[in-house]
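Beneath this line is the structure, given in structure tokens, with notes to follow.
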Amino acid sequence: MSRKDPSGGLIISPIKNGTVIDHITAGEALNVLRILGITGSTRECLSIATNVKSEWMGTKDIVKVENRELRAEEVDRIALLAPHAKINIIRDYKVVEKKGVEIPEVLRGVVRCPNPGCITNTNEPVASTFEVLDKGLHCLYCDWLIKDDIANHII
Amino acid sequence: MYHIISIRDFERSDLDHLLDRAQEFDTGNYRPGLLDDKLLALLFFEPSTRTRMSFAAAMGRLGGKSISVDSVEASSIVKGETLADTIRVISSYVDAVVLRHPKEGAARLASEFTSVPVINAGDGAGQHPSQTLLDLYTIRQSMPIDGIDVGLLGDLRYGRTAHSLALALSLYDVTLHTVAPGGLEMPANITLELRERGMEVIEHPSVEEAIRELDVLYVTRIQRERFPDSASYYDVASSYRITTDLLDDVKERLMILHPLPRAGEIDPAVDCTPYARYFEQARNGVPVRMALLHEVMK
Ligand SMILES: Nc1ncnc2c1ncn2[C@@H]1O[C@H](COP(=O)(O)OP(=O)(O)O)[C@@H](O)[C@H]1O
Ligand SMILES: [Mg+2]
Ligand SMILES: [Zn+2]
């Protein structure tokens with residue numbers, strides 16, 4: 001699906017319909033795929049570029065998925081990992097919509113609470129609920145604070 | 001509806017209001033039978049004597065009645081049932097529910113499924129706001145809370161009473177002194193939160209170093225389970241024990257508090273000194289819980 005361009009760079013072939021997630025924080029592309037539920041055994045036609053040079057980010061990752069538009073919860077999850085990501089909707093080879101991502105004030109059902117004693121890690125009918133603070137994610141049930149490694153806690 | 005879930009939900013004016021009410025109940029300055037048509041459920045999924053009895057006593061003094069199940073019954077009644085369902089049903093029988101549960105956040109969850117006020121009487125290692133209120137009440141009986149130096153001693157890592165008290169005190173002008181054995185220090189995010197709330201927090205290597213500066217020394221239990229073997233536990237426990245020798249040259253108004261039950265943290269010889277105030281503190285559980293019950297059911 002790809003060919004070498006004369007300068008030696010790798011050119012990914014264009015997609016007809018789908019989504020291009022651009023300006024992903026370098027190194028987070030695989031986590032973005034995990035959030036989208038894309039694994040080796042799913043069927044999406046997909047291209048990934050990591051550590052691509054970017055004028056304003058230094059380096060970035062890009063993910064392109066064919067025939068898929070993202071749901072709002074997926075966009076919220078991506079925002080956590082890649083706050084500068086731009087989501088481009090491609091229809092008939094053209095970018096028809098371009099939007100940034102925004103971390104919501106409250107994340108419901110997005111992140112699993114790392115506290116094993118938290119009521120949200122039981123069979124109770126509640127979703128984990130975190131408020132987003134500058135210093136991290138704060139569990140509104142048990143007060144746990146997730147400061148780093150947020151990717152590993154995303155459901 | 002008014003729930004009592006976490007000390008974080010309170011502003012200073014709420015605390016002051018509840019403490020004022022507790023004072024009125026304490027001095028008998030109230031109309032008898034204030035809650036005489038009310039019924040309270042004590043729903044304890046974990047053993048407790050003091051907290052449960054003091055809520056029942058408080059309800060009785062206000063003329064109300066309580067129904068309760070002990071922890072064994074509670075766990076068999078609700079075998080396989082979610083807390084959400086239990087609360088939906090129990091709350092339809094009564095005017096308020098007092099809940100103790102082993103999971104953190106259980107009371108918050110209960111408040112989302114109940115039709116009546118919920119009072120958190122301890123959720124796992126989480127919050128226990130009525131304990132904090134009675135701690136504050138005990139301090140305020142002897143001195144204004146603003147301007148004092150409070151020392152927290154013991155297991156400040158897992159000790160929920162210490163965290164909750166520290167958060168409440170950060171709403172006042174209090175300098176906090178902490179003394180904890182290695183590995184049981186106050187979690188960094190709590191210290192950070194206290195400092196962000198404008199509180200000065202000073203860590204000390206030993207009680208000796210801090211005690212002369214203090215107006216209040218709040219001692220908490222060091223649990224044996226936290227140590228790999230009993231030798232290392234006894235080692236630490238003995239170096240954090242409060243004895244009468246430590247009390248030379250302390251401030252005259254120093255008060256020593258402890259949420260009880262104590263293990264070996266305070267030498268019984270200290271009980272006879274004017275600084276020992278932990279039994280009075282326990283007694284204050286009743287007027288403080290009267291204030292809470294009245295507040296949510298009035
Ligand atoms: N049809 C397409 N197939 C695959 N990728 C595309 C397609 N159209 C645009 N892109 C990619 O989507 C991103 C956004 O495109 P565009 O809006 O043209 O550029 P930019 O955001 O850099 O101004 C870029 O990474 C671009 O390479
Ligand atoms: Mg570009
Ligand atoms: Zn939690």
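Before moving on, here are some points about what is shown:
- Per residue of peptide A:141-150, the mean number of Cβ atoms on other chains within 10 Å of the residue Cβ is 5.
- For B:MET199, nonlocal amide neighbours, meaning residues 5 or more places apart or on other chains whose placed amide H falls under 5 Å from its own, do not occur.
- Ranking of A:CYS45, B:CYS272, A:CYS118 by solvent-accessible surface, largest first: B:CYS272, A:CYS45, A:CYS118 (1.4 Å probe, protein heavy atoms only, all chains present).
- Heavy atoms of B:LYS251 accessible to a 1.4 Å probe, total area in Å² rounded to 10: 70
- Normalising the Debye intensity of chain A to I(0), with uniform scatterers on Cα atoms only, and taking log10 at q = 0.11, 0.14, 0.19 Å⁻¹ returns -0.49, -0.75, -1.18.
- Occluded residues from the range B:102-121, i.e. those whose accessible area drops by 20 Å² or more once the chain is not alone (1.4 Å probe): B:LYS103, B:GLU104, B:GLY105, B:ARG108, B:LEU109, B:GLU112, B:PHE113
- Between 0 and 90°, nearest 10: helix A:72-81 axis offset from chain A longest Cα axis: 90
- Mean-position separation - Cα centroids, the range B:225-244 and the range A:38-63, in angstrom: 54
- Look at the stretch A:113-120: the mean tally of other chain Cβ atoms within 10 Å of its residues' Cβ atoms is 6.
- All lysines inside 27 Å of B:LYS38 as judged from Cα atoms, apart from same-chain residues fewer than 8 positions distant: B:LYS65, B:LYS298
- GluC sites (Glu not before Pro) within the range A:84-121: DSSP coil, no more than 15 neighbouring Cβ in 10 Å: A:GLU102, A:GLU105
- Its residue count N fixes a reference of 2.2 N^0.38 Å for the range B:93-143, and the Cα radius of gyration divided by that reference is 1.32.
- Cross-link pairs A:LYS53/A:LYS86; A:LYS147/B:LYS103; A:LYS53/A:LYS98; A:LYS16/A:LYS99; A:LYS53/A:LYS147 - those with Cα-Cα distance over 24 Å: A:LYS53/A:LYS147
- The charge dipole of the protein assembly as shown, taken about its Cα centre with unit charges on the Cβ of Lys, Arg, Asp and Glu (plus for the first two, minus for the last two), comes to roughly 1720 debye.
- Chain B: relative contact order as a whole-number percent, Cα under 8 Å and 6+ apart: 21
- Chain A, relative contact order in percent, only Cα pairs under 8 angstrom and at least six apart counted: 21
- Cross-link partners for A:LYS64 among the aspartates and glutamates, with Cα-Cα distance under 17 Å and sequence neighbours closer than 8 places in the same chain left out: A:ASP22, A:GLU28, A:GLU44, A:GLU74, A:ASP92, A:GLU97.
- Kirkwood radius, chain B, all distinct C-alpha pairs, inverse of mean reciprocal distance: 19.9 Å.
- Peptides B:188-194, B:265-271 ranked from most to least packed, by the mean per-residue count of other Cβ atoms within 10 Å: B:188-194, B:265-271.
- The residues packed around B:GLY183, meaning those with a beta-carbon under 15 Å from its beta-carbon, carry a net charge of -3 if Lys and Arg are +1 and Asp and Glu are -1.
- For the range B:90-140, the set of chymotrypsin sites (Phe, Trp or Tyr not before Pro) satisfying both a DSSP loop assignment and a count of at most 13 other C-beta atoms within 10 Å is given as B:TYR93.
- The residues of the range B:129-282 have, on average, 41 Å² of accessible surface per residue, using a 1.4 Å probe with all protein chains present.
- Test item: B:80-86 mean partner chain Cβ contacts at 10 Å: 3
- The contact between chain A and chain B removes approximately 1400 Å² from the accessible area (both sides summed; 1.4 Å probe; ligands, DNA and RNA excluded).
- Under-5 Å amide H pairs with A:SER54, H placed in peptide plane, nonlocal only: A:THR59, A:LYS60
- Taking every alpha-carbon pair under 8 Å whose residues sit at least 6 apart, the range B:129-282 reaches a relative contact order of 24 percent.
- Projecting the Cα atoms of B:SER68, B:PRO129, B:GLN141 onto the charge dipole of chain B (Cβ charges, centred on the Cα centre) puts B:SER68 farthest toward the positive pole.
- The alpha carbon centroids of the range B:159-205 and the range B:245-298 are separated by 19 Å.
- Near A:THR120: Cβ cut-off under 14 Å, other residues only, Lys/Arg at +1 and Asp/Glu at -1. The net charge is -2.
- The range A:31-130: trypsin sites (Lys or Arg not before Pro) in DSSP coil with no more than 14 other Cβ atoms inside 10 Å: A:ARG43, A:ARG71
- Using a Gaussian network model of chain A in which every pair of alpha carbons under 10 angstrom is joined by a spring, one finds that among A:ASN123, A:ASN88, A:ASN115 the greatest mean-square fluctuation is at A:ASN123.
- Centre separation in Å (Cα based) which lies between the range B:82-130 and the range B:13-59: 16
- The orientation-averaged shadow of the Cα convex hull for the range B:129-282, equal to a quarter of the hull surface, comes to 8.4 nm².
The values are calculated or read from the model by the stated rules, or taken from the named source; none is laboratory data. What you are looking at is a predicted structure, and each value in this text was computed from that prediction instead of being measured. Glycine gets a Cβ as well: all are built from the backbone with ideal geometry, and neighbour counts include every protein chain shown. These accessible areas exclude ligands, DNA and RNA; they are computed on the full protein's heavy atoms, side chains included. Shrake-Rupley method; radii C 1.70, N 1.55, O 1.52, S 1.80 Å.
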